[in-house]
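Visitor: Just passing along the structure, written as structure tokens.
The values are calculated or read from the model by the stated rules, or taken from the named source; none is laboratory data. Note that this is a predicted model, so its numbers are computed, not measured. Neighbour counts run over all protein chains shown; Cβ positions are idealised from the backbone, glycine included.
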Amino acid sequence: MFRKILIANRGEIACRVIRTARRLGVATVAVYSDADAGARHVALADEAVRIGPAPVRESYLRAETIIEAARATGAEAVHPGYGFLSENAEFAEALAAAGLSFIGPPASAIRAMGLKGAAKALMQQASVPVVPGYHGDNQDADFLLGEAARIGWPVLIKAVAGGGGKGMRRVDKATDFKAALAGAQREGANAFGNDRVLLEKYLIKPRHIEIQVFADSQGNAVHLFERDCSVQRRHQKVLEEAPAPGMPAEMRRAMGEAAVNAAKAIGYVGAGTVEFIADVSDGLKPDRFYFMEMNTRLQVEHPVTEMITGQDLVEWQLRVAAGAPLPLRQDDLRIDGHAVEARIYAEDPNRNFLPSVGKLHRLRPPVEGPHVRVDTGVREGDSVTPFYDPMIAKLIVWDVDRGAALRRMGQALAEYQIAGVTTNTAFLIALAGHPAFAAGDLDTGFIERFHADLIPPREGADATALALAALAVVLQRRREVQVAASDPWSPWAQVNGWRLNDQGYDELLFRDGERDITLRLDYLADGAIQVHGPQGSSLRAEGALCADGSLEAVLDERRLKLGIARLGADIVLLRPGSVQKLTLVDPRAAGDLDEAGGGALTAPMPGKVVQVLVAEGAMVEKGQALMVLEAMKMEHTIAAPARGKVAKLHFNAGDQVGDGATLIALETEG
Ligand code: MV4
């Protein structure tokens, strides 16, 4: 076994690798960019080396710098994690040239799977089923049209160098073919510097089922069963599970065998994933699965496989890279129970999943145990930055069967408390609890089909939430006054809205989204408050702020405990499965918020304007798309918050914009 390894990655996967290395007595070296100097992976490692500024091109993608760090620290091997340099054949070769081991496959295996067409041809030779189509060298448009007609409509055109859905075009009829071909070629050339395409029969109702494989340098290869990753959004996985719901044993055997053959055909060593697409228009059928691509790395979703097999895949990687044989043979491996993983992201489902950057003011994960695992690279107080993937954590649950695992997932998600950034947890709760998902009615169109159920419009605060927010404000004011006062028992140190010749009362003005809500508070003799809200609601509230940042409250006859975060004027209530933000408006400072609320539309993060969709002077409806920004490699649409007139456009297509820059001045009505 290695004595010391360097982890050429950051975030949760760097932390994940360090955990196993430590357990095996292997010393660890982390690398970090300037943005990550205080990051969790740096704190966990035995030593750490700075590799450059925040942007990945200047840090985590710098092969030379990372190899130099490995040499300088005496590391014997490099674990690449996923993303970054993990599937870079030149990096694997450069390590070998520097006398270092790559904890990953041979460069030749990475290359063999790099181009889709060539990979498909190789797989066909190895008797691995591939989608019917054309993946040859002839790229003549008329020839390809003939091939498409032979395959039968609909046909899918794929850029051979494509990935993540880029350079893909569905074509339903011959007259649409050439325009779609040109589009796929253009996208392939722009994104990957390669305009070659292949054609496939388009599968109407596909499921994404992948097989975890492992091979050692002695020529042994096994599979560790399948994962179902069909629930995706724009080619980003959202929920992953193992085993695949409804998978017949015969199909599992056939897919496992095909995946092992795929690995053997390219001389694979280490952890890999063979992705298949299953045509489920007639349910899961043992002869209706096809090779898609092979990921030559450890994947984000590997923990679900670990949970159902009881194996540590990072330990397997380290052993195999150090030259040891696979720890187990195929017959030693069994599936036990069911595991589900959810990716918790700093993003806003109600704003088309726009990434949400900022400080994690409050971050309380569920309690971990045999049923609940949290893989994360951040702690409370850390920030989600625009430089890296905004994933906060992977939540993995295990139970004896799928139904029990999904209930666990719902509970564990509801326990999560995150304030400071917007997250997708409510969306994940809706997904894990959706009846169609529970029924195993999966395919890659699931999220689109059930969009309305999964992303309901944001709900306004109810009387309970308002009373809790008011109570939190009063308790916090009392605490501040008591801390400040020299004599905490002096009448001047009380927060009770005391007025001469009147019962103590107060008014609080909250802003909830676009709604302003005035609450009247009566201070009762016993220290409680009576909160009078809209529509005649009235609740008696008392309670205490706890040292762990939670609020214990009694509302009339109901006892509640919830997380509370105070971020400037915002009060964030964290109740099981719900996050409610209320902004306390200081009536003396009215106007501040009006400016931010209406009028100016600002850039949510630094980026580039790719499209301006309206002209100055145009009347726009609430929700209408006004501008498209590209930031963090994704497109974000800036929409009108209300009906109004575009008074001024501050930027044109192609302009760079800074975080918070005013993009558009909108004159809203009312
Ligand atoms: C397909 C397909 C239907 N028919 N191929 C999308 C990304 C790439 N890895 C493969 N993809 C697809 N290939 C044929 N012949 C549908 C998809 C597809 C998809 C696949 C897996 C998971 C999510 C998806 C979402 C949309 C389309």
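Visitor: Tell me, yes or no, whether the range 396-410 has at least one residue that is assigned to a strand (DSSP E or B) and touching an Asp or Glu at 6+ places or on another chain (Cβ under 7 Å). Explain how you work it out, then say what you get.
Guide: Going through the range 396-410, the residues assigned to a strand (DSSP E or B) turn out to be 396-399.
Now narrow it down to the ones that are touching an Asp or Glu at 6+ places or on another chain (Cβ under 7 Å): 396.
Checking the range 396-410: at least one residue is assigned to a strand (DSSP E or B) and touching an Asp or Glu at 6+ places or on another chain (Cβ under 7 Å).
Visitor: Sticking with this one: Please state which one of Arg57, Arg71, Arg50 is of a type in the set (Lys, Arg), outside any helix (DSSP H, G or I) and more than 15 Å from Val314 (Cβ to Cβ). Can you show your working first?
Guide: Numbers: Arg57 fails: outside any helix (DSSP H, G or I); Arg71 fails: outside any helix (DSSP H, G or I).
Criteria check complete, one pass: Arg50.
Visitor: May I pose another question? Might you let me know whether the range 292-313 holds any residue that is within 16 Å of the ligand (Cβ to nearest atom), hydrophobic (A, V, I, L, M, F, W, C) and not in a loop (DSSP other than H, G, I, E, B)? Let's see the steps before the verdict.
Guide: Start the filter on the range 292-313 by keeping residues that are within 16 Å of the ligand (Cβ to nearest atom), which leaves 292-297, 299-301.
In the following step, the residues that additionally are hydrophobic (A, V, I, L, M, F, W, C) were identified as 292, 294, 300.
Keeping just the survivors that are not in a loop (DSSP other than H, G, I, E, B) gives 292, 294.
Looking for residues that are within 16 Å of the ligand (Cβ to nearest atom), hydrophobic (A, V, I, L, M, F, W, C) and not in a loop (DSSP other than H, G, I, E, B), one finds at least one in the range 292-313, hence yes.
Visitor: For the range 528-549, name all the residues that are in a loop (DSSP other than H, G, I, E, B) and either free of Cβ contacts under 8 Å to residues at least 24 places away in the same chain or under 13 Å from Ala467 (Cβ atoms) (or both). Before the answer, list the steps.
Guide: First, pick out the residues of the range 528-549 that are in a loop (DSSP other than H, G, I, E, B): 528, 533, 537, 546-549.
Answer for the range 528-549, where residues must be in a loop (DSSP other than H, G, I, E, B) and either free of Cβ contacts under 8 Å to residues at least 24 places away in the same chain or under 13 Å from Ala467 (Cβ atoms) (or both): Ala528, Gly533, Ser537, Cys546, Ala547, Asp548.
Visitor: Pairs needed: first member in the range 201-212, within 16 Å of Ala254 (Cβ to Cβ); second member anywhere, within 6 Å of the ligand (Cβ to nearest atom) and in a strand (DSSP E or B); C-beta distance under 9 Å; at least 6 residues apart or different chains.
Guide: Taking only residues 6 or more apart or on different chains, the pairs are Arg207/Ile277; Ile209/Ile277; Glu210/Met292.
Results for (1) over 18 Å from His208 (Cα atoms); (2) touching a residue at least 40 places away in the same chain (Cβ under 8 Å), shown as yes or no for each residue.
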position: His135; (1), (2): yes, yes
position: Leu144; (1), (2): yes, yes
position: Ala148; (1), (2): yes, yes
position: Leu156; (1), (2): no, yes
position: Ala161; (1), (2): yes, yes
position: Gly164; (1), (2): no, yes
position: Lys173; (1), (2): yes, no
position: Asp176; (1), (2): yes, no
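Visitor: Can you tell me which residue among Gly337, Gly358 is modelled with pLDDT of 95 or more, on the phi > 0 side of the Ramachandran plot and not polar (S, T, N, Q)? Explain how you work it out, then say what you get.
Guide: Numbers: Gly358 fails: modelled with pLDDT of 95 or more.
The match here is Gly337.
Visitor: Please go through (1) in contact with a Pro (Cβ under 7 Å, 6 or more places away or on another chain); (2) within 13 Å of the ligand (Cβ to nearest atom) for Ile209 and return the number of the only condition it doesn't satisfy.
Guide: (1)
Visitor: Conditions: (1) within 12 Å of the ligand (Cβ to nearest atom); (2) surrounded by fewer than 17 Cβ atoms within 10 Å (Cβ to Cβ); (3) farther than 27 Å from Phe450 by Cα. Asn190 meets all but one. Number of the miss?
Guide: Result: Asn190 fails condition (1) only.
Visitor: Determine, yes or no, whether Ser230 is modelled with pLDDT of 95 or more, within 12 Å of the ligand (Cβ to nearest atom) and part of a loop (DSSP other than H, G, I, E, B). Reasoning before the result, please.
Guide: Numbers: modelled with pLDDT of 95 or more: yes; within 12 Å of the ligand (Cβ to nearest atom): yes; part of a loop (DSSP other than H, G, I, E, B): yes.
Answer is yes for this residue.
Visitor: Let me ask another. Checking Tyr202 against (1) among the hydroxyl-bearing types (Ser, Thr, Tyr); (2) within 12 Å of the ligand (Cβ to nearest atom); (3) farther than 30 Å from Glu341 by Cβ: exactly one of these is not met. Which one?
Guide: (3)
Visitor: Could you look through the range 150-168, keep only residues that are more than 11 Å from the ligand (Cβ to nearest atom) and surrounded by 20 or more Cβ atoms within 10 Å (Cβ to Cβ), and pick out the one that is modelled with the highest pLDDT?
Guide: First, pick out the residues of the range 150-168 that are more than 11 Å from the ligand (Cβ to nearest atom): 150, 152-153, 160-161.
Next cut, surrounded by 20 or more Cβ atoms within 10 Å (Cβ to Cβ) only: 160-161.
Values: Val160: 92, Ala161: 89.
Step by step, filter the range 150-168, then rank; the result is Val160.
Visitor: Then there's this: Within the group Leu122, Leu85, which residue is assigned to a helix (DSSP H, G or I), in contact (Cβ under 8 Å) with a residue 60 or more places away in the chain and of a type outside the set (Gly, Ala, Ser)? Show your work before the answer.
Guide: Numbers: Leu85 fails: assigned to a helix (DSSP H, G or I).
Matching residue, one of Leu122, Leu85: Leu122.
Visitor: Sticking with this structure for a sec: Among the residues of the range 646-660, is any in contact (Cβ under 8 Å) with a residue 12 or more places away in the chain, under 27 Å from Arg515 (Cα atoms) and within 29 Å of the chain's Cα centre (by Cα)?
Guide: Yes, because at least one residue in the range 646-660 is in contact (Cβ under 8 Å) with a residue 12 or more places away in the chain, under 27 Å from Arg515 (Cα atoms) and within 29 Å of the chain's Cα centre (by Cα).
Visitor: I need every pair where a residue in the range 401-424 that is in contact (Cβ under 8 Å) with a residue 24 or more places away in the chain has its Cβ under 9 Å from the Cβ of a residue that is part of a helix (DSSP H, G or I) and hydroxyl-bearing (Ser, Thr, Tyr), sequence separation at least 6 or different chains.
Guide: Note: pairs meeting the criteria are Leu413/Thr425; Ala414/Thr425; Tyr416/Thr425; Ile418/Thr425.
Visitor: Here is a further query. Anything in the range 91-106 that is part of a helix (DSSP H, G or I) and either touching a helix residue (DSSP H, G or I) at 6+ places or on another chain (Cβ under 7 Å) or surrounded by 19 or more Cβ atoms within 10 Å (Cβ to Cβ) (or both)? List them, or say none. Talk me through it step by step, then tell me what you get.
Guide: Going residue by residue through the range 91-106, those that are part of a helix (DSSP H, G or I) are 91-97.
Of everything in the range 91-106, those that are part of a helix (DSSP H, G or I) and either touching a helix residue (DSSP H, G or I) at 6+ places or on another chain (Cβ under 7 Å) or surrounded by 19 or more Cβ atoms within 10 Å (Cβ to Cβ) (or both) turn out to be Phe91, Ala92, Glu93, Ala94, Leu95.
Visitor: If I go through the range 160-214 residue by residue, how many of them are more than 28 Å from the chain's Cα centre (by Cα) and charged (D, E, K, R)?
Guide: 9
Visitor: Can you work out which of the residues in the range 233-246 that are assigned to a loop (DSSP other than H, G, I, E, B) and more than 17 Å from Ala436 (Cα to Cα) is nearest to the ligand (Cβ to nearest atom)?
Guide: Of the range 233-246, the ones assigned to a loop (DSSP other than H, G, I, E, B) are 234-235, 238, 243-246.
Filter again for more than 17 Å from Ala436 (Cα to Cα), leaving 234-235, 243.
On the way: Arg234: 8, His235: 5, Pro243: 18 Å.
It comes out as His235.
Visitor: Please work out which residue is nearest to the chain's Cα centre (by Cα), limiting yourself to the range 543-587 and to residues that are at pLDDT 95 or above and on the phi > 0 side of the Ramachandran plot.
Guide: Gly543
Visitor: I'd like to verify a number: residues in the range 422-451 that are in contact with a Ser or Thr (Cβ under 8 Å, 6 or more places away or on another chain) and modelled with pLDDT of 95 or more, how many? Let's see the steps before the verdict.
Guide: Within the range 422-451, the first condition is being in contact with a Ser or Thr (Cβ under 8 Å, 6 or more places away or on another chain), and the residues that meet it are 422-423, 426, 442-444, 446.
Narrowing further to those that are modelled with pLDDT of 95 or more: 422-423, 426, 446.
Going through the range 422-451 one residue at a time, the tally reaches 4.
Visitor: Another question, then. Select from the range 423-453 the residues that are within 16 Å of the ligand (Cβ to nearest atom), part of a helix (DSSP H, G or I) and hydrophobic (A, V, I, L, M, F, W, C) and write down the one among them that is farthest from the chain's Cα centre (by Cα).
Guide: Narrowing the range 423-453 to residues within 16 Å of the ligand (Cβ to nearest atom): 431, 437, 441-451.
So of that shortlist, the ones also part of a helix (DSSP H, G or I) come out as 431, 437, 446-449, 451.
Now drop any that are not hydrophobic (A, V, I, L, M, F, W, C), which leaves 431, 437, 446-447.
Values: Leu431: 14, Phe437: 19, Phe446: 17, Ile447: 15 Å.
The qualifying residue farthest from the chain's Cα centre (by Cα) is Phe437.
Visitor: Let me ask another. Among (1) away from the ligand (no atom under 13 Å from the Cβ); (2) part of a loop (DSSP other than H, G, I, E, B); (3) crowded, with 21+ Cβ neighbours inside 10 Å, which single condition is Gly267 missing?
Guide: (3)
Visitor: Give the range 273-286 a look and list any residue that's within 16 Å of the ligand (Cβ to nearest atom) and within 16 Å of Val128 (Cα to Cα), or say none.
Guide: Applying the first criterion (within 16 Å of the ligand (Cβ to nearest atom)) to the range 273-286 yields 273-282, 284-285.
Once the filter is applied, which keeps residues that are within 16 Å of the ligand (Cβ to nearest atom) and within 16 Å of Val128 (Cα to Cα), the range 273-286 yields Thr273, Val274, Glu275, Phe276, Ile277, Ala278, Asp279, Lys285.
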